[in-house]
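Below you'll find the structure, written out as structure tokens, and then a few comments.
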Amino acid sequence: MIFSENILICMALPLLLTVFLVRDNARRLVIFFLIGMAACLLGAYVSGFIDVAAGYGTEDTAIFISPVVEEAMKFLPLLFYFLMFGPDNDRLFTAAVGVGAGFASFENVCSMITSGTESLGFLLIRGLAVGVMHIVSIAALALGLVMARRYKVSGVSAILGALSVSMLFHGIYNLLASGNGISSAIGFCLPIVTAILVFLAYRKLQAK
Amino acid sequence: MTVIQISQISVSIQIAVLAVLLGLTVRLVGESARNLTAVFLSFSFGLWLLTDLYWLIYDLMRPESRMPFAANEIGETAMSLVIAAMVNSAIRRPTRLPMGFLTGTCLFAVSNAVLWILWSGEIVEDIIVGVVYAWLYCSIVRSLRSEQALTGTKWIVLGVLCTALIVCQSLTFIVSEDIKNIPDLFAYILLIAVAVFFACLFIRSYKEKLAHVQMFLSFALVIWITTAKYMSGGNWYNLFLTLETPGLILWFLSVRKAVKAV
């Protein structure tokens, strides 16, 4: 058993001080990084509750429920920022990357404390796969919101559509990573490959 | 070859076709100066592709177990909403749906949802999907009415076929096991009959070169095939699953035709 709240406080305090010392985009990134960490903790609470309430079991909750809960938790602050402040595309992407990085970092730290830090290979795989996956899924979500605004597509269908894309991506990753051998190898490669594709799509969109 | 293996092959083909169609639709979005229907079509294909992929991976990794609530159910619900938004975006002459049509369509959707619940026991999921499908069916009926794609008599025929289908499906839960196959077979015949009905109308509109009517009929045809898939099991499920793929190609071709005609 670990005390995630204590870890969050210890990680958040220096970052919180940083918010007062930096400006503009750097401040935005730090704030959303903090929000991402808080979203991770809240997501763990919700997943834990569903695990107990629905009786899925820890493994099935991690594979099937966590992608839905975690993506929703990451999406909510981003959606609030998008709807309330109407940021431009760059600011929205900064916010998205901040939330994704904060979420992934906090999850990685908690995972490391739980499973140990002896194997550098395992930590690198986890860092690259899970870290990149959270950033990619929320970047894809932000891309969906940017496209929805660009093509003047608003409403529940567009928002839920964008959210589902990231949930499905995260769900496919979790499902593949839960297996052994080739399926987990494909799962671990999936975020990096998708990261490259999303980056290229964003560059193309910016060029237009 | 087992029923599950046939499903996996059908879904794999559908994924490959969807990947190609997604690429073509993204290109169509650029060519059509960001036409909204084309944008929604690309969203729909993207979601369809991911839900298929999720289902296939699950089926390959856990072939013996029934899938619990997972991300793909939200994906399917979102996909239905996006398809409804696509249908609504393509309507040129917005019209209100008369009360009779609205009631009939909603009754059909509610009956479907009740039958799904009776079959699977997943109450919350089926209610949510039922509500979304009611919205989707209403959008399709509204689009067909806006283009006067069906005459009064054809609407009555469609209504009678749908009612007979719900009656036959309901009977399978009521009658004894010995004679259950009879209403079941009739239900499948009716599912195919309505699909053929929409396919014939589609071919006629193709000959008459009515781009928008053709597009809305292709939407109706594919959504009907999807509904039929959800109502079926075993080899019948595979049949409708396989029929979806050419239906998706028809979607793309008819949307492209309608978008270019604007």
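FYI, it's all coordinate maths here, none of it is from the lab. None of the values given here were measured: they were computed from a predicted structure. When we count neighbours, we look across all protein chains shown, and the Cβ atoms used for this are built from the backbone with ideal geometry, even at glycine.
Within the range A:16-62, which trypsin sites (Lys or Arg not before Pro) sit in a loop by DSSP and count at most 12 neighbouring Cβ atoms inside 10 Å?
Details: sites: A:ARG23, A:ARG27, A:ARG28; in loops: A:ARG23.
Loop-located and lightly packed - A:ARG23.
If you take the charge dipole of the range B:146-262 about its Cα centre, with +1 on Lys and Arg Cβ and -1 on Asp and Glu Cβ, which of B:LEU191, B:SER232, B:LEU248 is farthest toward its positive end? In the range B:146-262, that residue is B:LEU248. Taking Lys and Arg as +1 and Asp and Glu as -1, the other residues whose beta-carbon sits under 15 Å from that of B:LEU118 total -3. Seen from B:PHE219, the other residues with C-beta closer than 15 Å to its C-beta sum to a net charge of +3, counting Lys and Arg as +1 and Asp and Glu as -1. Given a Förster radius of 30 Å and the C-beta distance between B:ILE203 and B:ILE13 as r, what FRET efficiency does 1/(1 + (r/R0)^6) yield to the nearest 0.05? Using R0 = 30 Å, I get an efficiency of 0.80.
By its C-alpha gyration tensor, with a ≥ b ≥ c as the square roots of the eigenvalues, how is the range B:3-261 shaped: rounded for a/c under 1.5, else prolate for a/b larger than b/c, else oblate?
oblate
With the charge dipole of the protein assembly as shown set up from +1 on Lys and Arg Cβ and -1 on Asp and Glu Cβ about the Cα centre, the Cα lying farthest toward the positive end among the listed residues A:PHE169, B:ALA90, B:ALA19 is that of B:ALA90. Looking at the range B:47-108, the GluC sites (Glu not before Pro) that sit in a DSSP loop and have at most 11 other Cβ atoms within 10 Å of their own Cβ are B:GLU64.
Measuring r between the beta carbons of B:THR2 and A:GLU59 and using R0 = 30 Å, the FRET efficiency lands at 0.65.
Once you compute Rg and the Kirkwood Rh from C-alpha atoms, what is the Rg to Rh ratio for the range A:106-151?
Values: Rg = 15.1 Å, Rh = 12.2 Å.
Result: Rg/Rh = 1.24.
Cross-link list A:LYS204/B:LYS209; B:LYS207/B:LYS229; B:LYS154/B:LYS229; A:LYS204/B:LYS229; B:LYS180/B:LYS229; A:LYS204/B:LYS207: which exceed 31 angstrom alpha carbon to alpha carbon? Mind dumping the intermediate values first?
Values: A:LYS204/B:LYS209 36 Å; B:LYS207/B:LYS229 28 Å; B:LYS154/B:LYS229 23 Å; A:LYS204/B:LYS229 38 Å; B:LYS180/B:LYS229 19 Å; A:LYS204/B:LYS207 39 Å.
Checking Cα-Cα distances, A:LYS204/B:LYS209; A:LYS204/B:LYS229; A:LYS204/B:LYS207 exceed 31 Å.
Between rounded, prolate and oblate, where does the range A:79-157 land on the alpha carbon gyration tensor, with a ≥ b ≥ c its root eigenvalues, rounded for a/c under 1.5, else prolate if a/b exceeds b/c?
Here the range A:79-157 falls in the prolate category.
Taken one residue at a time, the phi angles of the range B:205-219 give Karplus couplings (6.51, -1.76, 1.60, θ = phi - 60°) of 5, 5, 5, 7, 6, 9, 4, 6, 4, 4, 4, 5, 5, 5, 4 Hz. Gly and Pro are set to x.
For the protein assembly as shown, what is the mean residue ellipticity at 222 nm derived from helices alone (per DSSP H run of n ≥ 4: -39500 (n - 2.57); sum divided by total residues; nearest 500 deg cm²/dmol)? Don't jump to the answer; show the numbers that get you there.
On the way: 16 runs with 394 residues, N = 470.
Taking each H run of at least 4 residues, the total per residue is -29500 deg cm²/dmol.
How large is the charge dipole for chain B, taken about the Cα centre, if only the Cβ atoms of Lys, Arg (+1) and Asp, Glu (-1) carry charge, to the nearest 20 debye? Numbers along the way, then the final one.
Working: 18 positive and 15 negative charges, 285 e Å.
Charge dipole of chain B: 1360 debye, to the nearest 20.
Computed from backbone phi, the HN-Hα couplings of the range B:232-240 come to 10, x, x, 5, 5, 4, 5, 4, 5 Hz, rounded to whole numbers (Karplus: 6.51 cos²θ - 1.76 cosθ + 1.60, θ = phi - 60°; Gly and Pro given as x).
Using R0 = 35 Å, the C-beta based FRET efficiency linking A:LEU83 and B:ILE123 works out to 0.65.
Extents of the range B:147-206, largest first, come to 44, 19, 12 Å (Cα atoms, principal axes, whole angstrom).
At q = 0.09, 0.11 Å⁻¹, what log₁₀ I(q)/I(0) does a Debye calculation on the Cα points of the protein assembly as shown give, no solvent, two decimals? Listed by q, the Debye log ratios stand at -0.65, -0.95.
Taking θ as phi - 60° and the Karplus parameters 6.51, -1.76 and 1.60, the scalar couplings of the range A:122-130 work out to 4, 5, 5, 4, 5, x, 6, 6, 5 Hz in sequence order, x denoting glycine and proline.
Compute the relative contact order of the range B:145-262 as a whole-number percentage, counting only Cα pairs closer than 8 Å that sit 6 or more residues apart in sequence. The value is 21 percent.
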